[in-house]
Amino acid sequence: MAFSPEYNVSRGSAASTAAVLDAGLRAYMLRVYNWMASGLLLTGIVAWVIANTSLIDAFYPAVSTPFGVTHQASALAMVAMIAPLGFVLVLSLGVNRLSTSAAQALFWLFCATMGASLTNIFLIYTHDSIARVFFITAATFAATSLYGYTTKSDLSRMGSFMMMGLFGIVIAGLVNIFMQSSALQFAISLIGVVVFTGLTAYDTQRIKADYVQFAYAEGIEGAAKRSVYDSLSLYLNFINLFTLLLQLMGNRNNN
C-alpha cells in the first residue's frame with residue numbers, strides 16, 4: 001500500500017478532535033455531577049436545619065389529639081411542597097431565555113425550597129434510617145448513572161417506557177390521595193423505584209449524547225447554562241428515588 005500523507009493527516013486530525021471532544025465531555029459531566037451534588041447538599045442542610053430548630057413549628061406545628069401530639073402541615077409547608085414544581089417549569093421552559101447566572105440562582109432557590117418541602121421526613125422517619133436509605137440511594141444512583149454513561153446500547157426506547165411509567169405513578173398517586181390505600185402506595189413506591197432507576201440511566205446517556213449537539217456547539221456560556229439544566233434532571237431522579245426507597249425501607253418514629 002502506498003504511503004498517503006493526506007490520509008494520515010486527516011486521521012490525525014480526526015483523532016485529535018475526538019480526544020478534545022472526549023476531554024470536554026468528561027469535564028462537562030463532572031460539572032453536571034458537581035451541580036447535582038451541591039444541590040443535594042443544600043437540600044439536606046435546609047431540611048435538617050428546619051427540622052432541628054424552632055423553624056419546624058412554622059412548617060409543622062405540634063397539635064394535641066386524643067392519640068397524643070402530632071404535627072400537621074401549615075400553609076407554609078403546603079407552599080414549600082408546591083413551589084418546587086414552579087421552579088422546575090421555569091428552568092425547563094426558560095432554559096433558552098434565562099441567563100447563566102439566572103439559571104444558577106433559580107437552581108439554588110429550587111434546591112433550598114425542595115429542602116423545606118422534605119422537612120417532614122425527619123418527623124416521620126428515624127435519623128438512622130434516613131442516613132441508611134440515603135447511602136443506598138447514592139450507591140444505586142452511581143451504579144445506574146455509570147451504566148448509562150458507559151453502555152453502548154440505545155436507551156431511548158427504555159426512556160420512553162419509563163416516562164409512561166412516570167405518568168402512571170403520578171396518576172395513581174393522585175387517585176390514592178382519596179383512596180388512602182396502603183397496598184396501592186406500596187405498589188406506587190415499588191414501581192417508582194424501577195422508573196427512576198431507569199430514568200437515571202436514560203438521562204445520563206441523553207446528557208452525554210446531547211453534549212455535542214448543544215453544550216459543545218454553544219460554547220462555554222451555553223455549556224455552563226445547560227449543565228445546570230442537565231443537573232436538574234439527575235437531581236430530580238435522585239430525590240424521587242430517595243423518597244420512594246425511604247417509603248419502602250425507612251423506619252418510622254414511634255412518636
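The one condition from (1) in a helix (DSSP H, G or I); (2) in contact with a helix residue (DSSP H, G or I) (Cβ under 7 Å, 6 or more places away or on another chain) that Thr119 does not meet is (1).
Check Ile220, Ile169, Ile191 and return the single one that is among the β-branched types (Val, Ile, Thr), over 29 Å from Leu25 (Cβ atoms) and surrounded by fewer than 17 Cβ atoms within 10 Å (Cβ to Cβ). Steps first, answer last, please.
On the way: Ile220 fails: over 29 Å from Leu25 (Cβ atoms); Ile169 fails: surrounded by fewer than 17 Cβ atoms within 10 Å (Cβ to Cβ).
Going through Ile220, Ile169, Ile191 in turn, just one is among the β-branched types (Val, Ile, Thr), over 29 Å from Leu25 (Cβ atoms) and surrounded by fewer than 17 Cβ atoms within 10 Å (Cβ to Cβ): Ile191.
Within segment 131-164, the set of residues being surrounded by 20 or more Cβ atoms within 10 Å (Cβ to Cβ) and either among the hydrophobic types (A, V, I, L, M, F, W, C) or over 22 Å from Gly250 (Cβ atoms) (or both) comprises Val133, Phe141, Ser145, Gly148, Leu155, Met162. For segment 95-104, the criterion of a residue being under 25 Å from Asp210 (Cβ atoms), in a helix (DSSP H, G or I), more than 20 Å from the chain's Cα centre (by Cα) and without any contact (Cβ under 8 Å) to a residue 24 or more places away in the chain is satisfied by at least one position. Restricting Ala142, Ala209, Ala223 to those that are assigned to a helix (DSSP H, G or I), at pLDDT 95 or above and within 21 Å of the chain's Cα centre (by Cα) reduces the list to Ala142. Is segment 145-165 home to any residue that is under 16 Å from the mean Cα position of the chain (by Cα), farther than 22 Å from Met29 by Cα and in a helix (DSSP H, G or I)? Yes - at least one qualifying residue is present in segment 145-165. Cβ-Cβ distances below 9 Å connect the following pairs, each with a first residue in segment 180-195 that is closer than 16 Å to Leu246 by Cβ, a second residue that is assigned to a helix (DSSP H, G or I) and of a type in the set (Ser, Thr, Tyr), and a separation of six or more residues or different chains: Ser189/Thr243; Gly192/Thr243; Val193/Thr140.
The values are calculated or read from the model by the stated rules, or taken from the named source; none is laboratory data. Just so it is clear, the model here is predicted, and its values are computed rather than measured. Cβ coordinates were reconstructed from backbone atoms using ideal geometry, including for glycine residues, and neighbour counts include every protein chain displayed.
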